[in-house]
Amino acid sequence: MTKILMVCLGNICRSPLAEGLLKSKLPQTHFRVDSAGTSGYHAGSSPDFRSVEVAKQHGLDISSQKSRQFSGYDFEIFDQIFVMDKSNYNAVIRLAKNEKEHHKVALILDYPGAEIEEVPDPYYGGDRGFEYVYDLLNKACDFHSNQLMKQ
Ligand code: 4NP
């Protein structure tokens with residue numbers, strides 16, 4: 001079983017979408033996908049309604065997810081950790097205990113042909129921001145699911 005973790009700041013907007021998208025592109029028999037936030041601000045909360053809505057429009061149900069905070073212990077459970085932006089990257093790397101853990105972490109948009117480097121935080125923007133985030137994550141998860149299936 002390969003285990004992948006999606007990480008953002010609040011675990012209510014971007015990483016729940018990334019979790020739902022990657023899960024939908026990989027066989028559940030061989031892959032486990034989860035998500036977490038570097039902050040504990042929203043621990044126990046459901047995803048933001050705008051993320052739930054944009055996922056639903058694309059046939060994905062992410063409504064039963066619950067926010068939780070990332071911890072150093074996640075390095076022992078997960079094989080690969082995808083972060084949404086450089087601030088998430090720094091917060092996660094700070095908890096890595098060795099080189100092996102450090103190497104598990106990557107920016108989700110770090111793949112050939114990606115339009116930008118970071119997934120913008122849509123929390124304070126309008127609904128259009130969530131469509132854009134969905135589109136960025138959909139393309140990234142297409143790439144990463146193909147890579148993971150080849151391993
Ligand atoms: P996320 O978005 O990191 O994509 O879940 C955010 C959600 C909440 C906050 C910031 C970002 N907040 O500051 O409450």
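The values are calculated or read from the model by the stated rules, or taken from the named source; none is laboratory data. Quick caveat, the model's predicted, so the values are computed rather than measured. No Cβ is skipped: glycine too gets one built from the backbone with ideal geometry, and neighbour counts run over all protein chains shown.
General remarks:
- Boolean, Q80 is surrounded by 15 or more Cβ atoms within 10 Å (Cβ to Cβ) and either farther than 17 Å from S145 by Cβ or hydroxyl-bearing (S, T, Y) (or both): no
- Test result for D34, over 22 Å from Y132 (Cβ atoms) and either touching a helix residue (DSSP H, G or I) at 6+ places or on another chain (Cβ under 8 Å) or part of a loop (DSSP other than H, G, I, E, B) (or both): yes
- Segment 63-79, subset away from the ligand (no atom under 16 Å from the Cβ) and of a type outside the set (D, E), residue farthest from E99 (Cα to Cα): S64
- Residue that is farthest from D74 (Cα to Cα) [pool: residues in segment 96-151 that are among the aromatic types (F, W, Y) and under 18 Å from the mean Cα position of the chain (by Cα)]: Y132
- Residue, surrounded by the fewest Cβ atoms within 10 Å (Cβ to Cβ), within segment 16-29, restricted to residues that are in a helix (DSSP H, G or I) and not small (G, A, S): K25
- Qualifying residues in segment 1-18 (those that are of a type in the set (V, I, T) and farther than 14 Å from Y134 by Cα) - the one farthest from the ligand (Cβ to nearest atom): T2
- Matching residues, segment 30-49, being surrounded by fewer than 19 Cβ atoms within 10 Å (Cβ to Cβ) and either of a type in the set (V, I, T) or near the ligand (Cβ under 10 Å from one of its atoms) (or both): S39, Y41, S45
- Taking segment 52-151 and the helices (runs of 4 or more DSSP H) fully enclosed by it, the elements with 1 or more residues that are aromatic (F, W, Y) and modelled with pLDDT of 95 or more are at 74-77, 86-93, 127-150.
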